[in-house]
Amino acid sequence: MKNFLFSAFTIFISAISVFSCAKAENYSISPMTKTSDVNYTVEDLKNLRDFLLTKPAEDLSEKNYDLDGDNAWTVFDLCLMKRQISDMNNIQDNENTEQENILVAYFSRTGNTEKIAEKIVDITGADVFEIEAENPYTDEDIAYHNSSCRANLEQADKAARPEIAGEIENIEQYDYVFLGYPIWWGEEPRIIDTFLESYDFSDKTVIPFCTSGSSGIGTSEKNIRELVPIGEQLAGKRFEVDSTEDEISDWIDSLEIDNKKEVQKMNISVNGHILKAELADTQAAKELYELIKSKPLTLTLNEYGSFEKVGKLPQSFTKNDEQITAQAGDIMLYQGNQMTIFYGENSWSYTRLGKIKNVTEKELAEIFGDGNVTVTISAEREFDFETKTVMLNSGYEMPIMGLGTYSLTDEECYNSVTALLENGGRLIDTAYMYGNEAAVGRAIRDSNVPREEIFVITKIYPGEQFANPEKAI
Ligand SMILES: Cc1cc2nc3c(=O)[nH]c(=O)nc-3n(C[C@H](O)[C@H](O)[C@H](O)COP(=O)(O)O)c2cc1C
């Protein structure tokens, strides 16, 4: 319900954005108390929205809705208010339901992995999902001294996907998934592959753990990494069946999973793709972020060794080199003044700069291709309500305020676009079918605002226009 309400407000914000810039000064009201001291409610949000839409509202003269301190009540105050309420709700949610973003999902045929899973649940308070086979494994099925038992046949077939009974209803709520399984023939059981392919893990952190007779977890970790896009895969761990709660707790502490969300992000534009990356927790990564924060950085990276692209940075960064086996997606500082992006694996002395998320090794190799590449790296920023701008994936900074021109006729459209541009708006949404592209064009031309500052969206019509889009535009 809460989300629905805020979505509804988002639509209102779009609807009134241009209108408010023109009108708000008529309703200017001075601040009386510091807005940071005010705890706004959904009622306030409705009041301000109605005010901006000039709908009749109760007496608001005692209210302080000038959150950005510009002596006017505008759509930006509405945005700031919405954000304050949303932040408050998030804090309360986090306080009430600790660890509701962690899931322990495990498969365990003889109960060993289950013991570890239960301890992880005890320690973290996470939710739990047991991965059970639709067709349960009998003792005969896992009698692995028999070369033709079901488990052995499945493990011998990389494409086997045993069906899972039941499903997770609300996978979206989880940021972290501890994934447990026994080692079967050195790998994860194929039912784990079924599980991984059943949900979207591209924005989640996955932490594998296993039990085994003696084998390590390594091959299964690699298989998981290569199977589906995973937001981040932390180093997994094999446990002895009788591992104590203290041992497991120490391991969980070492993951520092609570800090994971505060990382800064960047976009890497390469060969027409926008890759999302997180910056590492190193001094060099901080220096890189400072560099790209205000202006995107374009680099030429040269192909090297069929596993990396490497190129010179415009300045040196602080080196904290260590011997690292870089994996596909890792972004490293090399010799203090070069950036290396890996699409394969290599061991050398590097300082971490970041990691590309949500792409498999294979996809990354395809995106980067064989030869040299040009990449543009920009800091990913949320909407900034102080500067009232948003940074686009392309690296361009655009004012938040925009105008949708649907239903605006010729002169009305011309005047509206003119008012938008005069008031700092730079985004105009039109379409062939609105019949007002010419009026938009005239208003832009007459405004004297440099064309390269203005963002125009238009839409073409099915039929002849689709067949020749360049001509249509
Ligand atoms: C089909 C099969 C294959 C196995 N392969 C291995 C193996 O390669 N290496 C190993 O150390 N243990 C192997 N084991 C032993 C299990 O990994 C170990 O008993 C595990 O703790 C069982 O976990 P569970 O009780 O959660 O099912 C295998 C067991 C089965 C049934």
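Listing for the model above:
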read-out	value
In the range 301-323, the residues that are closer than 14 Å to residue 282 by Cα and assigned to a strand (DSSP E or B)	322
Close pairs (7 angstrom Cβ cut-off, 6 or more residues apart or separate chains): charged (D, E, K, R) in the range 106-124, near the ligand (Cβ under 9 Å from one of its atoms) anywhere	109/137; 109/142; 109/182; 114/106; 114/108; 115/241
Test for residue 284: is it within 24 Å of the chain's Cα centre (by Cα), part of a strand (DSSP E or B) and within 22 Å of residue 349 (Cα to Cα)	no
Residues (of a type in the set (D, E, K, R), within 26 Å of the chain's Cα centre (by Cα) and surrounded by fewer than 17 Cβ atoms within 10 Å (Cβ to Cβ)) located in the range 98-150	98, 100
Boolean, residue 313 is of a type in the set (A, V, I, L, M), touching a residue at least 12 places away in the same chain (Cβ under 8 Å) and either loosely packed, with under 15 Cβ neighbours inside 10 Å or in contact with a Phe, Trp or Tyr (Cβ under 8 Å, 6 or more places away or on another chain) (or both)	no
Where a residue in the range 226-248 is under 18 Å from residue 192 (Cβ atoms) and its partner, wherever it lies, is part of a helix (DSSP H, G or I) and of a type in the set (A, V, I, L, M), with Cβ under 6 Å and at least six apart	227/196; 228/196; 234/255; 239/116
Any hit, the range 417-439, residues being free of Cβ contacts under 8 Å to residues at least 60 places away in the same chain, surrounded by fewer than 16 Cβ atoms within 10 Å (Cβ to Cβ), of a type in the set (D, E, K, R) and not assigned by TED's automatic domain parsing to the domain that holds residue 303	yes
Sole residue being exposed (fewer than 12 other Cβ atoms within 10 Å of the Cβ), touching a residue at least 12 places away in the same chain (Cβ under 8 Å) and either touching a helix residue (DSSP H, G or I) at 6+ places or on another chain (Cβ under 8 Å) or of a type in the set (D, E, K, R) (or both), chosen from 470, 411, 452	411
Checking residue 245 against (1) closer than 22 Å to residue 345 by Cβ; (2) touching a helix residue (DSSP H, G or I) at 6+ places or on another chain (Cβ under 6 Å); (3) surrounded by fewer than 15 Cβ atoms within 10 Å (Cβ to Cβ), the condition it does not meet	(1)
Residues (among the small types (Gly, Ala, Ser) and in contact with a strand residue (DSSP E or B) (Cβ under 7 Å, 6 or more places away or on another chain)) located in the range 345-376	347, 349, 354, 371
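The values are calculated or read from the model by the stated rules, or taken from the named source; none is laboratory data. What you see is a predicted model, and the numbers here were worked out from it, not measured in a lab. Quick reminder, even Gly has a Cβ in these numbers, built from the backbone with ideal geometry, and neighbours come from all protein chains shown.
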